[in-house]
Structure formats: structure tokens, C-alpha cells
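Here you go, one structure.
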Amino acid sequence: RVWVYLNREGRHWYEFTDSRKRDGPARVFKDFAGYLQADAYGGYDQLFFPGGATEVACWAHVRRKFVDAEATDPALAKQAVDRIRALFQIEEAAKDLPDDARAELRVRQARPLLEEFRAWLELAETQALPKSPLGKAVGYARNQWPALLCYVGDGRLAISNNAAERALRCFAV
């Protein structure tokens, strides 16, 4: 298993472990307190406890689940993807701003979209079968909701962990 650890400046290092068990991240972040962005792999759950790391979820992972659902429920899945695209467009507009201005822009522009998206998720949950791709995408987003909102109020945080995913691409290819 290859783990990548990345800081805000893009510096990263790799760790190799014998299995997908959480041993690597558990050791590296044993006494860590601060923001930690990762996918929703259950092995990370032990890192997010009071006094430990604060979970920052990845909107790209949420988007991917809705893209996967487009084959079986194209109309609703497209609505979700469009809503998420709007969040990423705000990030594109904010990429060169200082951290405090980025946070202010997110609060002003992204927070209302997120409130609307949350209401949309609640409605979509009543329209999708729980085990369908759309139902799973909605459930994933709702389960991750507090961690998905984390990036909004802190301009230092990213909307996704795509930088870490790109850093792992060389191993996948």
C-alpha cells in the first residue's frame, strides 16, 4: 500500500506499508491536532476524535459518486453534479486570493449553495432507492456533510484532496 502525505505547499512524501490497514496514517498522525483532508476510508476514522485531527472531506469524491449514478438516474445525478460544479467554479475564482479573502468569498457564495444542496440531498433521498447508485451517492454526501463543510470558513483548506490523488497517479500509471 502506498500512502501519500501532502502539505499545503504541495510538498509530499510517500510511505509504503504491507497492507491497507491504517498503521501508516495512525503512526504519522498519532498526536496530530489540526485539519486533515482525506477520502472517507474507514481506517481514518480513529484519527478524528476530540483533541485530534479535524476531518476535511473531499468534494471530488462526492462528485465522482454522482457521476457514477448518471447511468441509472441521469436527471437527479446531473443536478447534483451541476451543483458541485458551481462550488468548484467558486474555488477557481478564489485560487489567487489570500486565505482570508478566499474564506470570505466562500462564506458569501458557497455557503448559500451548500445550504440549497443539503435541502436537495434530503429531497433526493426520498426519491432514490437506498442501494441504487444515486441512493449511495446521496447517503455518502449526507454522511460526510459536516466534514464537507469544513473548507468553507478557512481559506487555507482545499475543496478536494485532488492534489494527493495526483501525487499518487505515478504509482497507478
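So, in segment 159-168, how many residues would count as being closer than 13 Å to L6 by Cβ and open to solvent by less than 30 Å² (accessible area, probe 1.4 Å)?
Number satisfying all stated conditions: 4.
Now for a separate question. List the pairs whose first member sits in segment 13-24 and is among the basic types (K, R), whose second member is open to solvent by 70 Å² or more (accessible area, probe 1.4 Å), and whose Cβ atoms are under 6 Å apart, counting only residues at least 6 apart or on separate chains?
Pairs that qualify, where the first residue is among the basic types (K, R) and the partner is open to solvent by 70 Å² or more (accessible area, probe 1.4 Å), are R20/R1.
Same structure, new question: What about A103, is it under 21 Å from E9 (Cβ atoms), of a type outside the set (D, E, K, R) and in a helix (DSSP H, G or I)?
Details: under 21 Å from E9 (Cβ atoms): yes; of a type outside the set (D, E, K, R): yes; in a helix (DSSP H, G or I): yes.
Considered against the rule, which asks whether it is under 21 Å from E9 (Cβ atoms), of a type outside the set (D, E, K, R) and in a helix (DSSP H, G or I), A103 comes out as yes.
Please tell me if G43 is open to solvent by less than 30 Å² (accessible area, probe 1.4 Å), assigned to a helix (DSSP H, G or I) and farther than 30 Å from K131 by Cα. Give the steps one after another, and end with the answer.
Values: open to solvent by less than 30 Å² (accessible area, probe 1.4 Å): yes; assigned to a helix (DSSP H, G or I): yes; farther than 30 Å from K131 by Cα: no.
The answer is no for G43.
Still on this structure, I have one more. With the requirement that a residue be open to solvent by 100 Å² or more (accessible area, probe 1.4 Å) and not in a strand (DSSP E or B), what does segment 1-37 give you?
Within segment 1-37, R1, R8, E9, R11, D18, R20, K21, R22, R27, K30, D31 meet the criteria.
Is one or more of the residues making up segment 75-87 open to solvent by 60 Å² or more (accessible area, probe 1.4 Å), more than 29 Å from L134 (Cβ to Cβ) and either at pLDDT 95 or above or not aliphatic (A, V, I, L, M) (or both)? Spell out how you get there, then give the answer.
So the first thing to find is which residues in segment 75-87 are open to solvent by 60 Å² or more (accessible area, probe 1.4 Å), and the list is 75, 78-79, 83, 85.
Remaining after also requiring more than 29 Å from L134 (Cβ to Cβ): none.
No, that holds for no residue.
Looking at A158, A101, A119 in this structure, which one is modelled with pLDDT of 95 or more, out of contact with any Leu (no Cβ under 7 Å at 6 or more places or on another chain) and closer than 21 Å to G34 by Cβ?
Testing whether each residue is modelled with pLDDT of 95 or more, out of contact with any Leu (no Cβ under 7 Å at 6 or more places or on another chain) and closer than 21 Å to G34 by Cβ leaves just A158.
Determine, yes or no, whether P112 is without any contact (Cβ under 8 Å) to a residue 12 or more places away in the chain, more than 30 Å from N7 (Cα to Cα) and open to solvent by 20 Å² or more (accessible area, probe 1.4 Å).
no
So which residues in segment 61-74 are open to solvent by 60 Å² or more (accessible area, probe 1.4 Å) and small (G, A, S)? Don't jump to the end; show me each part of the working.
The first filter runs over segment 61-74 and keeps only residues open to solvent by 60 Å² or more (accessible area, probe 1.4 Å), leaving 63-65, 67-68, 70-72, 74.
If the condition is that a residue be open to solvent by 60 Å² or more (accessible area, probe 1.4 Å) and small (G, A, S), then A71 is the only one that fits.
Right, next: Give L123, L114, L134 a once-over and let me know the one that is aliphatic (A, V, I, L, M) and under 17 Å from A158 (Cβ atoms).
Of L123, L114, L134, the one residue that is aliphatic (A, V, I, L, M) and under 17 Å from A158 (Cβ atoms) is L114.
So how many residues does segment 128-158 have that are open to solvent by less than 10 Å² (accessible area, probe 1.4 Å) and part of a loop (DSSP other than H, G, I, E, B)?
The number of residues fulfilling the criteria is 3.
Regarding P98, is this residue surrounded by fewer than 14 Cβ atoms within 10 Å (Cβ to Cβ), on the phi < 0 side of the Ramachandran plot and under 13 Å from the mean Cα position of the chain (by Cα)?
Taking the combined requirement at face value, the residue does not satisfy it.
The values are calculated or read from the model by the stated rules, or taken from the named source; none is laboratory data. Being a predicted model, the structure only gives us computed values, none of them experimental. Note: ideal-geometry Cβ built from the backbone for every residue, glycine included; neighbour counts use all protein chains shown. Keep in mind that these areas ignore ligands, DNA and RNA; they rest on the heavy atoms of the full protein, side chains included. Shrake-Rupley method; radii C 1.70, N 1.55, O 1.52, S 1.80 Å.
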